[in-house]
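Have a look at the structure below, then the notes.
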Amino acid sequence: MTRPAALLEELESLLGPANCPSDPEVIASYITDWTGRFEGEALAVARPADTAEVAAVIEVARSHGAVLIPQGGNTGLVGGSVPRKRRQEARPQLVLSLARLARIEEVDRLGLRLLAGAGTTLGAAQRAAAAAGLGLGIDLSARESATLGGMAATNAGGLTVFRHGSMRDRLGGIEAVLANGSVVSELSGLAKDSVGWSPAALFAGSEGTLAIFTKVMLKLVPLPRTRLVALLAYSSPRAAVEAAAAGRTGLPSLESMELTLRPGMELVTEQFDLARPVGLDEGAAAWLTLELAGEGDLLSELEHLLSAVPPLESAVATETAARSRLFSYRERHTEAVSRRGVPHKLDVAVPTRRVEELLASLSARFAREEGCELYLWGHLAESNVHVNLLGPAPEDESLDDAVVEIVTGLGGTISAEHGVGVAKARYLGSARPAANLALMAAVKAALDPGRLLNPGVLEPT
Ligand code: FAD
Ligand code: 2HG
Ligand code: ZN
């Protein structure tokens with residue numbers, strides 16, 4: 001019996017045939033990423049149901065010399081959730097899907113904590129918290145597919161980071177299985193606990209390379225009673241950036257402050273056949289989508305901003321359906337770009353005083369690039385800009401290099417919230433000092449000396 005056949009047989013007897021498919025048609029969606037840019041090869045997909053089965057799958061993989069590619073909702077945007085190509089990883093690869101670990105275990109209203117399986121979707125966790133009158137303080141548009149484990153693994157950010165922080169800040173604890181099969185947990189739920197360092201803090205952002213999350217505990221926040229969404233159109237990115245500066249300091253109820261530009265607004269409107277948003281027919285070049293959430297008079301809070309930096313046009317919504325209609329011009333950018341082609345994505349942030357320069361430099365650089373379309377949008381509250389390029393072939397990284405050069409020249413980061421994955425591994429060497437990279441390598445070598453977990457991800461190339 002060949003080694004792969006023995007491996008599959010062991011997996012089958014552990015999980016049952018339905019939970020370790022290897023048929024190419026069945027596993028196709030597990031080996032290709034959300035954008036269609038990254039695709040690899042896997043022997044099978046292992047779908048354990050609980051922590052003990054995760055540990056057992058690790059043991060089977062280890063004993064057969066296979067590697068594991070952890071996967072939640074497969075919405076990651078840096079190629080880290082799908083297997084590598086054979087020339088990148090010679091050992092047999094198994095996708096380790098955590099999707100079946102999707103049970104909400106507890107919503108602790110008194111201690112303000114939610115505990116759930118790592119495969120729970122963000123949307124399911126949000127609904128469980130809302131049923132108790134509470135919120136998670138984290139949100140992103142892939143909410144119905146992205147899982148808590150995947151979000152913790154990428155240190156996901158999203159729409160409310162300005163107010164509540166990113167996933168690393170939202171974690172109240174975790175349970176995780178290490179490459180040697182041991183289970184570590186930090187689930188006391190205590191608001192204060194200073195016994196040494198925290199596994200949750202160490203593993204947040206480790207992208208499946210150090211540990212497999214099996215349970216995630218999130219901190220909860222009270223749900224504000226009133227909400228308002230405003231879509232504000234400006235004549236230039238500079239005017240929008242100025243308004244954002246005023247919004248950051250002058251809007252105490254600010255939850256999200258999102259930037260979109262004309263090419264993206266036109267694309268979204270056309271792709272989804274939406275009503276033309278305010279400003280599009282008046283020549284606007286940039287938009288802010290603001291969400292305010294609180295208890296006070298949100299309209300008069302907004303009025304201050306509108307009089308300080310008047311927009312060309314504005315639309316305001318307070319009712320739920322109208323709010324999501326206004327927000328959807330922003331939220332649907334990722335999907336709209338994917339309908340048009342297979343994008344190269346860079347997710348960058350620069351010091352706030354340089355964000356306008358970033359937008360101008362990128363637009364100028366790509367205006368002269370024939371056959372390339374540039375879409376920019378992002379979380380302006382944190383000076384985080386999503387750069388999407390359509391045109392270059394999936395493996396042609398020359399234009400990615402050009403973006404990274406501009407961003408690093410401005411003192412920025414190559415990943416604000418999506419992680420490094422394989423897409424940005426080649427930039428790690430210039431993104432962190434050598435001593436930091438040596439520390440990361442030392443932790444990896446200590447926890448996973450055989451490079452069993454997600455090899456190729458977060459490793460400088
Ligand atoms: P996957 O894609 O399955 O995996 C992502 C990474 O985590 C991989 O490296 C994988 O190996 C690892 N991983 C997954 N599960 C586990 C686990 N249980 N234990 C250990 N490692 C694991 N991101 C943002 O930060 N902000 C946004 O606003 C945002 N919006 C998005 C909108 C859309 C439409 C899409 C498609 C993506 C968006 N993302 C955003 C990307 C974001 O990284 C993912 O949505 C989310 O964090 C990944 O969750 P997932 O369950 O899909 O993980
Ligand atoms: C967003 O904020 C997501 O829209 C996805 O982080 C960004 O598609 C992208 O580049
Ligand atoms: Zn984002």
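The values are calculated or read from the model by the stated rules, or taken from the named source; none is laboratory data. Since we're looking at a predicted model, the values are computed, not measured. Quick reminder, even Gly has a Cβ in these numbers, built from the backbone with ideal geometry, and neighbours come from all protein chains shown. Note: accessible area is taken over every heavy atom of the protein model, side chains too, but ligands, DNA and RNA are not part of it. Shrake-Rupley method; radii C 1.70, N 1.55, O 1.52, S 1.80 Å.
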So for region 341-434, using the alpha carbon gyration tensor with a ≥ b ≥ c as root eigenvalues (a/c under 1.5 gives rounded; past that, a/b versus b/c decides prolate or oblate), I'd call it oblate
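Relative contact order for the chain: what is it in percent, counting Cα pairs under 8 Å that are at least 6 residues apart? Show your work: numbers first, answer last.
Details: 975 pairs, mean separation 71.6, N = 461.
Across the chain, relative contact order equals 16 percent.
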Taking a straight Cα-to-Cα line shorter than 20 Å from LYS424, and setting aside same-chain lysines fewer than 8 residues away, one finds LYS85, LYS345, LYS444
For GLU242 the rounded accessible area (nearest 10 Å², probe 1.4 Å, non-protein molecules ignored) is 100
Applied in sequence order to region 100-112, the curve 6.51 cos²θ - 1.76 cosθ + 1.60 (Karplus, θ = phi - 60°) yields integer Hz couplings, x standing for Gly and Pro, of 7, 8, 10, 8, 7, 8, 7, 10, 9, 5, 6, x, 6
Taking alpha-carbon centroids only, region 333-397 lies from region 400-461 a number of Å equal to 20
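Can you tell me the FRET efficiency between LEU223 and SER398 if r is taken as the Cβ-Cβ distance and R0 is 35 Å, rounded to the nearest 0.05? All intermediate terms of the calculation are to be shown ahead of the outcome.
Values: r = 47 Å, r/R0 = 1.33.
With R0 = 35 Å, the Cβ-Cβ based efficiency is 0.15.
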With +1 on the Cβ of every Lys and Arg and -1 on the Cβ of every Asp and Glu, the dipole magnitude of the chain about its Cα centre, in debye rounded to the nearest 20, is 700
Excluding residues fewer than 8 positions from LYS192 in its own chain, the lysines with Cα under 23 Å of it are LYS215, LYS219
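What's the extension gain from SER182 to SER235 if we count 0.36 nm per residue and subtract their Cα-Cα distance? Don't jump to the answer; show the numbers that get you there.
Working: separation 53, 0.36 × 53 = 19.08 nm, distance 5.69 nm.
Length gained, SER182 through SER235: 13.4 nm.
Against the globular-protein guess of 2.2 N^0.38 Å, express the Cα radius of gyration of region 226-334 as a ratio, rounded to two decimals.
Working: Rg = 12.9 Å, N = 109, 2.2 N^0.38 = 13.1 Å.
Taking the Cα Rg and dividing by 2.2 N^0.38 Å, one obtains 0.99.
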The farthest towards the positive end of the charge dipole of the chain, of the residues GLY181, ALA99, LEU218, given +1 on Cβ of Lys and Arg and -1 on Cβ of Asp and Glu, is GLY181
The size of the Cβ-based charge dipole (Lys, Arg +1; Asp, Glu -1) of region 226-334 about the Cα centre, to the nearest 20 debye, is 220
One finds, for ALA131 and ARG354 with R0 = 41 angstrom and r their Cβ-Cβ distance, a FRET efficiency to the nearest 0.05 of 0.45
For region 338-441, listing GluC sites (Glu not before Pro) in a DSSP loop whose Cβ sees at most 11 other Cβ atoms within 10 Å gives GLU370, GLU395
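Show me the trypsin sites (Lys or Arg not before Pro) within region 191-222 that DSSP assigns to loop and that have at most 16 other Cβ atoms within 10 Å of their Cβ.
Numbers: sites: LYS192, LYS215, LYS219; in loops: LYS192.
Sparse-neighbourhood loop trypsin sites (Lys or Arg not before Pro): LYS192.
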Rounded to a whole %, the carbon-and-sulfur portion of the accessible area of the chain at a 1.4 Å probe is 52
Treating every alpha carbon of the chain as one equal point scatterer without solvent, the Debye formula yields log10 I(q)/I(0) values at q = 0.08, 0.09 Å⁻¹ of -0.47, -0.60
Sorting ARG325, ARG143 on solvent-accessible surface, 1.4 Å probe, most exposed first, gives ARG325, ARG143
Whole-Å distance linking the alpha carbon centroid of region 216-256 with that of region 5-51 is 41
Between the residues GLY40, LEU115, TYR30, the Cα farthest towards the positive end of the dipole of the chain, that dipole coming from +1 and -1 charges on the beta-carbon of Lys, Arg, Asp and Glu, is from LEU115
Percent of all Cα-Cα pairs per 5 Å bin for region 77-179, counting from 0 up to the last occupied bin, reads 2, 11, 21, 23, 18, 10, 7, 4, 2, 1, 0
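Can you work out D for region 4-97 in µm² s⁻¹ from Stokes-Einstein, where Rh is the Kirkwood radius over C-alpha pairs, the temperature is 10 °C and the viscosity is 1.306 mPa s? Show your work: numbers first, answer last.
Numbers: Rh = 13.1 Å.
Approximately 121 µm²/s, per Stokes-Einstein.
I'd like to check one number: the per residue accessible area of region 104-222, probe 1.4 Å, reported in Å² as a whole number.
Working: 4580 Å² over 119 residues.
Computed with neighbouring chains in place, this is 39 Å² per residue.
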The size of the Cβ-based charge dipole (Lys, Arg +1; Asp, Glu -1) of region 1-111 about the Cα centre, to the nearest 20 debye, is 460
Relative contact order in percent for region 116-226 (Cα pairs under 8 Å, 6+ apart) equals 34
